[in-house]
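**Q** Attaching a single structure in structure tokens format; questions to follow.
The values are calculated or read from the model by the stated rules, or taken from the named source; none is laboratory data. Computed from a prediction, not measured in an experiment: that's the story for all the values here. Positions of Cβ are backbone-derived with ideal geometry, glycine not excepted, and every protein chain shown enters the neighbour counts. For accessibility, only protein heavy atoms count, side chains too; no ligands or nucleic acids. Shrake-Rupley method; radii C 1.70, N 1.55, O 1.52, S 1.80 Å.
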Amino acid sequence: MARYGMALDYKNCINCKACEVACKEENGVLLGADKHRIWVGVKEIEGEFPLLSIASNTFMPSQCQHCDNAPCEEVCPTHATYYDENGVVRVDSDKCILCSYCMNACPYDARYVDDRTVTVDKCNFCSDTRLARGEVTTACQATCPTKVRIFGDLDDPNSEISQVLREREHFTLKTHLGTKPKLFYLI
Amino acid sequence: MDLQKIIPYRKLSLKELLVPENKFMALVAIVLTALFLIGVMIYLVHGHHAYGVTREHPWGLLIAMYIFFVVSSTGLCIVGSFGDVFGFKDYMAVSKRAIFGSIITILSGFAVIAFEIGHPVRMMIYNVISPGLTSAIWWMGTLYGIYLTFMVIEFVFLMRNDMKRAKIFGLIGLLVGLAAHSNLGGVFGFLNARVVANGVFYPTYFILTAFITGIYLIFLMYGYKYRGQPFPEDVAKALTNFAKIQGLLLAILMFFETWKMLTGVYGGMPERADTIMHILHTKSFWLGEVLCGMVIPFLVILKSKGTAIKSMVWASFIGMIGIFYMRYDLVHDAQLFPMQTLKIREYQLPPSFVDYFPSLTEMMIGFGGIGLCLILYFLGTKLFDLDSMPEHH
Ligand code: SF4
Ligand code: SF4
């Protein structure tokens, strides 16, 4: 079984939001639902006009970090949140009682309430859609025009993600919390 | 089956029930209960959209009110145990009323939380068939269920004056209740993401404030019962003792709170210190928690050395307002600091504390729960003899 993760070459991001659109389309997220599943964070340009520091303006895509040590999974009273065989953190909407404990426990604000199922949902690396069909890419990765996203098996030393993580420096978010995110930001 | 044989109760005429002796309290209870029902209907139509909670602030007034009720229940259970579990004669007079109170407060708490949890029925099924053993909510819920069962059995034996069995079930109920209640503290203590809540503080603090709440409530119950009359000697004695214990407990609570705030701001740790400073600038902390919940009752006790039990009734009323603020702030403060990773500057919004204010529907259901509690209490005082002392064998 794989242990899926994603590396983000975030400096290539041009904030075109193609990934958000592709994700909504693939996973049936309600239109207009802001920051559901994935989003692009914007760091505004620093400085006063005309002395603007163009380099300070960066875009950082974010989403569920698929923590290896996920607080959302630990606090879920009914095991609605679970690790699947690929290490993907998933929510079983039949078991979710909407206690919102996981929303409070997730340090990355990655979870939201899906208005259709009235349960908590979040990114699941297209496990219900693309991966279930036997494909090996996520919608956001496949659509990104500047190849920001590299999705793959962290346990396979020959996968692109493993190679890139070996070669390039990277960091994870809120590492000090011990959640062991599987989203890596490439420097 | 004859219910009388299981639990002795009074046979009531409808007239006794429909013509309560205190019209004002009856009106308060009915209005609040009506609001509860209206709130529930709005919730059933609109779901969580009728509430002020958001993705950033998923827990609101209803969680606070649930905590308010179950803290009350645990507190009354502790207070009641003095007489029937530990066998202190001075406290025997208040046991029945306290244990009855602990049952109705937790029932009211369950009634409120049922409309906050998105799928309460599903919860009962999956709590059993796929338990999340690492979840503090799972333990809290399960233990409170067991606790309620034991408290009901204890109450039945108390009413039958079977003190031996009441003692056994009371002791188990008390222990399970304490475990449940510290787990409720753990629900917050386990939140690594929320640095003001994370840690060992809440589980112990919950037990302490439960004890304090229980004493406030016992004063309210007896203050109401003997309004305008002198207290009977045995009740007065128990209450005076409780007032003295309350003085000590409030002193410990103030000590706890001081150290929580000091360790919170010390070193200026990001997130934690900012949040604590924010709390220290709110009126609900100073006027609600500190003044009403601790200082005023403490001064009343200090001034008379615990003997002014009539004034303590009023002080307890103020104290309960303070306890409400303690619960509300606890829930709100944990969620104050935004978690929004990498979304911080989006749309040029400066990072700010998360806002939340309860919607009207939340208030109707949350405060309406007090109406349920009052009605159950009224029925209890009519149906059961909560005052007779057990005969000693
Ligand atoms: S990022 Fe949040 S939702 Fe995703 S696995 Fe980690 S704790 Fe859970
Ligand atoms: S809201 Fe659902 S997924 Fe989240 S902790 Fe509660 S039951 Fe689990």
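**Q** Where in the range B:132-194 are there trypsin sites (Lys or Arg not before Pro) that are in a DSSP coil and have at most 15 other Cβ atoms within 10 angstrom of their Cβ?
**A** For trypsin sites (Lys or Arg not before Pro) across the range B:132-194 that sit outside H, G, I, E and B with at most 15 neighbouring Cβ atoms in 10 Å, the list reads B:Arg160.
**Q** Then there is this: Using Cα centres only, tell me the gap between the range A:109-187 and the range B:180-215 in whole Å.
**A** First find each Cα centre; the distance between them is then 35 Å.
**Q** If you don't mind, another one. Among DSSP beta bridges whose residues both lie in the protein assembly as shown, state the antiparallel percentage, nearest 5.
**A** Once the DSSP bridges in the protein assembly as shown are tallied, antiparallel ones form about 85 percent.
**Q** Please list B:298-306, B:71-79, A:67-75 highest first by mean number of surrounding beta-carbon atoms within 10 Å per residue.
**A** Result, highest mean first: B:71-79, A:67-75, B:298-306.
**Q** Something else about it: How much FRET efficiency would the formula 1/(1 + (r/R0)^6) give for B:Val19 and B:Leu287, where r is the Cβ-Cβ distance and R0 is 35 Å, rounded to 0.05?
**A** So, using R0 = 35 Å, E works out to roughly 0.35.
**Q** With every protein chain present, what is the per residue accessible area of the range A:1-59 (1.4 Å probe, Å²)?
**A** 54 Å²
**Q** At a 1.4 Å probe radius, which order do A:Leu173, B:Leu107, B:Leu374 fall into by accessible area, largest first?
**A** Values: A:Leu173 15, B:Leu107 70, B:Leu374 50 Å².
Putting A:Leu173, B:Leu107, B:Leu374 in descending order of accessible area: B:Leu107, B:Leu374, A:Leu173.
**Q** Amide H neighbours of A:Phe184 under 5 Å, at least 5 residues apart or on other chains, H built in the peptide plane: list them.
**A** Here A:Met6, A:Ala7, A:Leu8 satisfy the definition.
**Q** Which cross-chain or sequence-distant (5 or more) residues have an amide H under 5 Å from the amide H of A:Ala70, H modelled 1.01 Å from N in plane?
**A** Distant-sequence amide H within range of A:Ala70: zero hits.
**Q** Just to check I understand the Karplus step: with θ = phi - 60° and J = 6.51 cos²θ - 1.76 cosθ + 1.60, what whole-Hz values come out for the range B:263-271, glycine and proline as x?
**A** Each residue of the range B:263-271 in turn: 5, x, 8, 4, x, x, 4, x, 6 Hz.
**Q** Then there is this: Using amide H atoms built 1.01 Å from N in the peptide plane, name the residues 5+ places from A:Thr58, or on other chains, whose amide H lies under 5 Å from its own.
**A** A:Lys43
**Q** Hey, what D do you get for the range A:1-139 in µm²/s if you plug the Kirkwood alpha-carbon radius into Stokes-Einstein at 4 °C and 1.567 mPa s? Don't skip to the end; give the middle numbers.
**A** Numbers: Rh = 16.3 Å.
The diffusion coefficient I find is 79 µm²/s.
**Q** Using each residue's phi in the range B:77-94, evaluate 6.51 cos²θ - 1.76 cosθ + 1.60 at θ = phi - 60° and report the 3J(HN,Hα) Karplus result to the nearest Hz, with x for Gly and Pro.
**A** Rounded to whole hertz, the list is 5, 4, 4, x, 5, 3, x, 8, 8, 8, x, 6, 4, 4, 9, 4, 4, 9.
**Q** Ranking request for peptides B:315-326, B:241-252, B:261-272: highest mean number of other beta-carbon atoms within 10 Å first, then the rest in descending order.
**A** Descending mean neighbour count gives B:315-326, B:241-252, B:261-272.
**Q** Would you mind getting me the FRET efficiency between B:Ser352 and B:Lys382? Use the beta-carbon distance for r and R0 = 51 Å, nearest 0.05.
**A** 0.50
**Q** In 10 Å bins starting at 0, how do the alpha-carbon pair distances of the range A:38-85 split up by percent?
**A** 21, 28, 20, 17, 12, 2
**Q** Calculate the mean, over all residues of peptide B:56-63, of how many other protein chain Cβ atoms lie within 10 angstrom of the residue's Cβ. Write down the numbers at each step before the final one.
**A** Numbers: counts 2, 3, 11, 5, 1, 0, 0, 3.
That works out to 3 on average.
**Q** Same structure again: Give me the percent relative contact order of the range B:280-335, please, defined on Cα pairs under 8 angstrom at least 6 residues apart.
**A** About 46 percent, as a whole number.
**Q** While we're on this one: If you count only protein heavy atoms with a 1.4 Å probe, what accessible area per residue comes out for chain B, rounded to a whole Å²?
**A** Computed with neighbouring chains in place, this is 44 Å² per residue.
**Q** Turning to a different aspect of this structure: Averaged across B:115-122, how many Cβ atoms of other chains sit within 10 Å of each residue's Cβ atom?
**A** Mean inter-chain Cβ contacts per residue within 10 Å come to 5.
**Q** Separate question: Distance between the C-alpha centers of the range B:2-20 and the range B:230-267? Whole Å please.
**A** The two parts, judged by their Cα centres, are 38 Å apart.
**Q** While we're here: For the range A:116-187, how big is the tail of P(r) above 19 Å, as a whole percent of Cα pairs?
**A** Details: 1203 of 2556 pairs.
Of all Cα-Cα pairs in the range A:116-187, 47 percent lie more than 19 Å apart.
**Q** Moving to a separate point now. Can you compute 3J(HN,Hα) from phi for each residue in the range B:19-28, using the Karplus curve 6.51 cos²θ - 1.76 cosθ + 1.60 with θ = phi - 60°, rounded to whole Hz and x for Gly and Pro?
**A** Calculated HN-Hα couplings, in order: 10, x, 6, 10, 5, 5, 5, 4, 5, 4 Hz.
**Q** So how much slack lies between B:Arg160 and B:Lys303, counting 0.36 nm per residue of separation and subtracting their Cα-Cα distance, in nm?
**A** The span from B:Arg160 to B:Lys303 would gain 47.4 nm if fully extended.
**Q** How big is the A-B contact in terms of buried accessible area, both chains counted, 1.4 Å probe, rounded to the nearest 100 Å²?
**A** 3600 Å²
**Q** Could I ask something else about it? From the helices alone, meaning DSSP H stretches of at least four residues, give me the mean residue ellipticity at 222 nm for chain B, per-run term -39500 (n - 2.57), in deg cm²/dmol to the nearest 500.
**A** -23000 deg cm²/dmol
**Q** Same structure again: When the gyration tensor of the protein assembly as shown is built from Cα positions, what are the square roots of 5 times its three eigenvalues, in whole Å, from largest to smallest?
**A** The three semi-axes for the protein assembly as shown are 51, 25, 21 Å.
**Q** Using heavy-atom solvent-accessible surface (probe 1.4 Å) with all chains present, what is the largest-first order of A:Glu135, A:Glu25?
**A** A:Glu25, A:Glu135
**Q** Also: Just to make sure I understand: if all protein chains stay in place, what is the order of B:Trp314, B:Trp138, B:Trp286 by accessible area at 1.4 Å, largest first?
**A** B:Trp314, B:Trp286, B:Trp138
**Q** Quick one: pull the percent of accessible area on the range B:80-151 belonging to carbon and sulfur, 1.4 Å probe, ligands and nucleic acids left out. Intermediate values should be presented prior to the final figure.
**A** Numbers: 1980 of 2510 Å².
So the carbon and sulfur contribution to the accessible surface is 79 percent.
**Q** How far apart, in nm, are the 7 Å Cα→Cβ label points at B:Met261 and A:Leu51?
**A** Using points 7 Å along Cα→Cβ, the separation is 4.2 nm.
**Q** A further question follows. Only Cα pairs within less than 10 Å get springs; with that Gaussian network setup on chain B, which residue of B:Val156, B:Val176, B:Val31 has the largest fluctuation?
**A** Its mean-square fluctuation being the largest, the pick is B:Val31.
**Q** By per-residue mean of other Cβ atoms within 10 Å, what is the highest-first order of A:162-168, A:137-143?
**A** On the way: A:162-168: 13.7, A:137-143: 21.1.
Result, highest mean first: A:137-143, A:162-168.
**Q** Considering only DSSP states other than H, G, I, E and B, which GluC sites (Glu not before Pro) in the range B:1-105 qualify as loop sites with at most 12 other Cβ atoms within 10 Å?
**A** On the way: sites: B:Glu16, B:Glu21, B:Glu56; in loops: B:Glu21, B:Glu56.
Answer in residue order: B:Glu21.
**Q** The range B:128-153: which residues show an accessible-area loss of 20 Å² or more, assembly versus chain alone, 1.4 Å probe?
**A** With the partner chains in place, the range B:128-153 has these residues losing at least 20 Å²: B:Ser130, B:Gly132, B:Thr134, B:Ser135, B:Ile137.
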